[in-house]
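Single-structure report; data block below.
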Amino acid sequence: MSNVSCPDSHFTCTSLQQVCLPVYLRCNGLYDCPGHEDEAACDRYTCPGYYRCRGSQVCVHDSHVCDGVYHCPQRDDEILCHETCPPHCDCHGWAFVCSDIFPAAEYFNLRYLDASGTSLTLAHLWNNSFLVHLSLVRCNLTKLHQVTLGNLRILDLSSNKLTDINSSLFDGWTSLEFLKISNNPLTHFFFQDFIHPSSLKVLDMSYVRLSEIDFGMFSFFSMLTTLNLSGSFINHVTKQGFGNNSHLSVLDVRQSPVSLFPREMFQALSRLETVFSDNYKLCCPATLPRGFNVLNCHAPSDDVSSCDDLLRSNLYRVGLAIFASLALVGNGGTLLYRLIFLKSAGNVGYDVFVTNLCVADLSWAFIS
C-alpha cells in the first residue's frame, strides 16, 4: 500500500503509515497509534509552530484552535476566540499595552496591562482579578481606589501625583511582590495595617521627597529583600532603625544626607549585603550588622572622615585632658596677669585682642 501524506494538522503513525491522526492526539496520555509511537519521547516533544496547551504536553494546530471543540485538557484552546483587542491597544493574548483609556473591566481575563500615560485608574479594574502585572505610570493619579487584585505580583504607580498611600488599599493583594511608587509627592504613607505583608519583596520609594522616616514601619514586610529610598532627601531616621526585616539584602539611600540616625539602625538586618549611601558614616563597622563586608557599602569618602570614635580611646582621653588643663592654666594666668598686674598703658587694641583670645580659649577648655 502506498504511503499516505498527512496534512500539517496531523501526524503519521509510523507503524501504520496510511493512518493520519490530529496533532492534539500526540502525547495526550492515550495510545492512538497501533505501535504506541504517539506517546513516545513526550518529555522531548515541543511541537514548534503549534499552540501548546496550558499545563500539559498536548499541542493543537491553528486549524483546531477556536473551532468550537475543546482539544486541550483545560479547554484553553477556546478561551480567546470571541475577544477583540480594544482600540489604542497592542494585544498579545491577555497582555495589553494601551495608549488610551478603555473599558478594562470588560476584559476580566487580563493578565498583563501597561496603561502608562493614560487616564486609567484602579477604579477601572474592579473586575480584573486575574491581573498579574499592572503599570499605571504617568496617569496623573491623585488617589487610589480600593479594589481586590489577589493575583497581582507587580504594580508600578510611579510618576503620579499621589500624596497619601494607606495600606488598607491593598487588602486582599496576597501575591504582591514588587511595588514601585517613586516620583510621587508623598507626605503620608501608612503600612502598619498591611494585611498580607509577607509577600512584598521589592519596594521602590525613590524620589518621594521625605525629610524623616521611621524604618520600623518596614518591619511589616518581613520578606522584603530590596528597598530603594534614593533621592528622597531623608535627613532624620527616627526611633531605633530597622525592625523585623531579616531578609533585606539591598538598601539604597543615595541623595539622602541621613545625618541623624540611631547607632543600631542596621543591627537587625542579618542578611544585609549591599548599601548605597552618600554619608560615609552609614558604612562604619559600628553601624553595619555583624559580618557585613564593608566593601559592599558604597559611600564617598575623604581624607578627613573617620569611623573611629577617638574619645573611646583612653590614650586620646588623657591627651585631651592634659591639653585642656594646660590651656586652662595658661590662659587663666595670662588673663589674671593682664587684668590685675599689668596696669601700664600700651597698645590698647593689642591688649583687647589678647584678652578676648584668652577668654575664648578658656571657654573651649571648660567645654572640653
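The values are calculated or read from the model by the stated rules, or taken from the named source; none is laboratory data. These figures come from a predicted structure and were not determined experimentally. Positions of Cβ are generated from backbone atoms using ideal geometry, with glycine treated the same way; all protein chains shown enter the neighbour counts. Quick note on the areas: whole protein, heavy atoms, side chains included, nothing else; ligands and nucleic acids left out. Shrake-Rupley method; radii C 1.70, N 1.55, O 1.52, S 1.80 Å.
General observations
- Failed condition for residue 166, given (1) open to solvent by less than 10 Å² (accessible area, probe 1.4 Å); (2) closer than 20 Å to residue 185 by Cβ: (1)
- Cβ-Cβ distances below 8 Å connect no pair with a first residue in segment 158-175 that is acidic (Asp, Glu), a second residue that is buried (at least 21 other Cβ atoms within 10 Å of the Cβ), and a separation of six or more residues or different chains.
- Residue in segment 162-175 that is touching a Leu at 6+ places or on another chain (Cβ under 9 Å) and at pLDDT 90 or above present: yes
- Among residues of segment 74-105, those that are at pLDDT below 90, charged (D, E, K, R) and more than 18 Å from residue 151 (Cβ to Cβ), counted: 4
- Pick from segment 28-60, criterion in contact with a strand residue (DSSP E or B) (Cβ under 6 Å, 6 or more places away or on another chain) and charged (D, E, K, R), ranking: nearest to residue 8 (Cα to Cα): 52
- Tally of residues being open to solvent by less than 50 Å² (accessible area, probe 1.4 Å), assigned to a loop (DSSP other than H, G, I, E, B) and closer than 19 Å to residue 62 by Cβ across segment 8-23: 1
Okay, residues lined up against (1) surrounded by 15 or more Cβ atoms within 10 Å (Cβ to Cβ); (2) in a strand (DSSP E or B); (3) at negative phi:
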residue	(1), (2), (3)
113	yes, yes, yes
130	yes, no, yes
134	yes, yes, yes
142	no, no, yes
149	yes, no, yes
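- Subset tally (residues that are touching a Pro at 6+ places or on another chain (Cβ under 7 Å) and either buried (at least 17 other Cβ atoms within 10 Å of the Cβ) or within 21 Å of residue 208 (Cα to Cα) (or both)) for segment 240-265: 1
- Of everything listed in (1) farther than 26 Å from residue 208 by Cα; (2) under 25 Å from the mean Cα position of the chain (by Cα); (3) of a type outside the set (S, T, N, Q); (4) part of a strand (DSSP E or B), the single unmet condition for residue 90 is (2).
- Index of the failed condition, residue 268 passing every other in (1) assigned to a loop (DSSP other than H, G, I, E, B); (2) open to solvent by 90 Å² or more (accessible area, probe 1.4 Å): (2)
- Yes/no for residue 213 being at pLDDT below 90, within 30 Å of residue 133 (Cβ to Cβ) and open to solvent by 30 Å² or more (accessible area, probe 1.4 Å): no
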